[in-house]
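These notes concern the structure reproduced below.
Just so it is clear, none of the values below were taken in a lab; they were calculated from the coordinates. Because the structure is a prediction, the values reported are computed rather than measured. Please note: Cβ atoms are built from the backbone with ideal geometry, for glycine as well, and neighbour counts cover all protein chains shown.
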Amino acid sequence: MDLFAEAIAWIFSPERQTGSLPLSEAIWTHLAFTFVSVVVAAAIAVPLGWLIGHTGRGREVAVALSGAARAVPSFGLVLLLVLVLGVTHKVGAATTAFVLLAIPPVLAGAYSGVEAVDRRVVDGARSVGMTPTQVLRKVEVPLGLPLLIGGLRSATLQVVATVTLAGYVGSWGLGFYIVQGIQIRDFAQILGAALVIVVLAVVLDALFAVLERLVVPAGVSAGRARDT
Amino acid sequence: MIEFRSVTKTYPDGTHAVADFDLVIPPHKTTVLVGSSGCGKTTLLRMINRMVDPTSGVIEIDGEPIQDRDAVKLRRSIGYVLQNGGLLPHHRVVDNVTTVLRLEGTSRRTARDRALELLDTVGLDRAIAERYPGQLSGGQQQRVGVARALAADPNILLMDEPFGAVDPIVRAELQTETLRLQQELNKTVVFVTHDVDEAFLLGDQVVILEKGAQVAQIGSPSEIIENPADEFVASFIGAERGARALHTKQTGRGTVLVDAGGRTQGVLVDSPGPEAPA
Ligand SMILES: Nc1ncnc2c1ncn2[C@@H]1O[C@H](COP(=O)(O)OP(=O)(O)OP(=O)(O)O)[C@@H](O)[C@H]1O
Ligand SMILES: [Mg+2]
């Protein structure tokens, strides 16, 4: 309990606002890595996932690749990419690793969202004369949005935890305090930084939970409310 | 006029849904395709708006092969009522009804006015325009489906067991409305059902189908009831027993008609009443 109190004290210590890495800056860097990685992953995986869901093709490949990607240890991936891209491109290497980590859940959210749309609704949309693009845009995407947000949610949670590894390759983010804390055996600092990461994760998760509700299309939630 | 010539449909899994099918569907009349489950009715219907493309053979609308026409434009020009309604759950009733008009670039305002008129036409209260399909009863959803199909004022209306999912009372109501609508609107209607009574009630021309969409008999309801082509048709329409085999019985008040079950179905009169067709 002592250590816990010390960790809290570490977080709120006035020293956190100064020094080589102020806490606020670490938090922002941490969030920036998370945000950029998830956005880049979404830019790649969302269109791809929609295409897979819409055409029903390439699903097996996507599932296999996602499974394989999940098995890759993130730390190894970060280090490997730093080696491959060179130490001068550490930011790029780390971000690439986080993007790769975020792609599978986003991809799964995008295609499962589209796939989960009632086939009869899609059939109805086609039969009144919607083009395939209109079916995707006006029917499959809006109805599949809650599952896509769910995918972004789990991607964000994974990345916000894994961005900690950025502290190993550079003095970035909350991970830096942990790496430094291990070196100088400052357990209050390690725990303090870890707690901040946990709070970030909880807050992001809550935000996504709200968002997930908000994107349920009006008619769908209305219908559901009537059923219950 | 819609014409099927030697149309065959074999699905990719090898199912022969339709084999060498010929049919002429006259304009401004209701043609009913009736047959038991899996005999290929839906497949036939969906070939008319190119939701299904035939494996071989030709389908023409007014002499023009539909294969040469753009599938999306063709579908927008044909009304289609799906068995389950097939409405968009996330669009309000009014937006469901105006889907085709909006796709075709009609202004929101004009489309909306048209939608409200159509709700009147299909016997729905205008107040439900702002509701979502999930907030309607099955019967109301079916009516919205009909309104949607009528929105672009198509010449052809395809209806696939539109009243299959509603209770018998609502069903009878919807059938009556369909008859009234057809008198008002004069469309070429192709109607699919597995219910013989519904077929005889609604059809000007009734096509009785066997497995693989083999035509067992084509004719007006009277022609078929009076003269079933074979054993299959006779038993399918229940000619020997049930409600369609009636015999006379003398009572104190005159002659009545009684079915095989002994239930009195009507009174025998000398000449057709003023309501009966000439
Ligand atoms: N997409 C498809 N792929 C493979 N087989 C199909 C497909 N659609 C229909 N079939 C098969 O083709 C045959 C005819 O089907 P269809 O849906 O036209 O029958 P139906 O007369 O409409 O039946 P129901 O009254 O049950 O709706 C059936 O054997 C069915 O299993
Ligand atoms: Mg069918």
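Things to note:
- Full-stretch length increase - B:ARG108, B:GLU177 - with 0.36 nm per residue and alpha-carbon distance subtracted: 22.0 nm
- Helical mean residue ellipticity (222 nm; -39500 (n - 2.57) per DSSP H run of 4+; nearest 500) of chain B: -9000 deg cm²/dmol
- For segment A:38-88, the set of trypsin sites (Lys or Arg not before Pro) satisfying both a DSSP loop assignment and a count of at most 15 other C-beta atoms within 10 Å is given as A:ARG57.
- Fluctuation leader among A:THR164, A:THR55, A:THR156 - chain A, Gaussian network, Cα springs under 10 angstrom: A:THR55
- Eligible lysines near B:LYS211 by straight Cα distance, threshold 22 Å, same-chain separation 8 or greater: B:LYS9, B:LYS41
- Per residue, the convex hull spanned by the alpha carbons of the protein assembly as shown comes to 229 Å³.
- Structure remark: mean-square fluctuation, Gaussian network model of chain A, C-alpha springs under 10 Å; the largest value among A:LEU51, A:LEU207, A:LEU77 belongs to A:LEU207.
- Segment A:179-196 and segment B:54-92 have Cα centres separated by 66 Å.
- Alpha-carbon radius of gyration plus Dmax, which is the widest Cα pair, for segment A:17-175 in Å: 18.5, 65
- Cα-based shape type of segment B:184-248, given that a ≥ b ≥ c are square roots of the gyration tensor eigenvalues and the cut on a/c is 1.5: oblate
- Cα-Cα separations in segment B:105-156 greater than 19 Å, expressed as whole percent: 23
- Bridge orientation summary for chain B: considering DSSP beta bridges with both residues in this region, about 60 percent are antiparallel.
- Cα gyration tensor, chain B - rounded (a/c under 1.5), prolate or oblate: oblate
- Contact order for chain B, expressed relative to its length and based on alpha carbon pairs under 8 Å spaced 6+ residues apart, stands at 22 percent.
- Note that segment B:129-278 carries a Kirkwood radius of 18.0 Å, evaluated over its alpha carbons pair by pair.
- Volume of the Cα convex hull of segment B:130-199, divided per residue and given in Å³: 96
- Inter-label distance, nm, simple model (7 Å from Cα along the C-beta direction), B:ILE169/A:VAL210: 4.8
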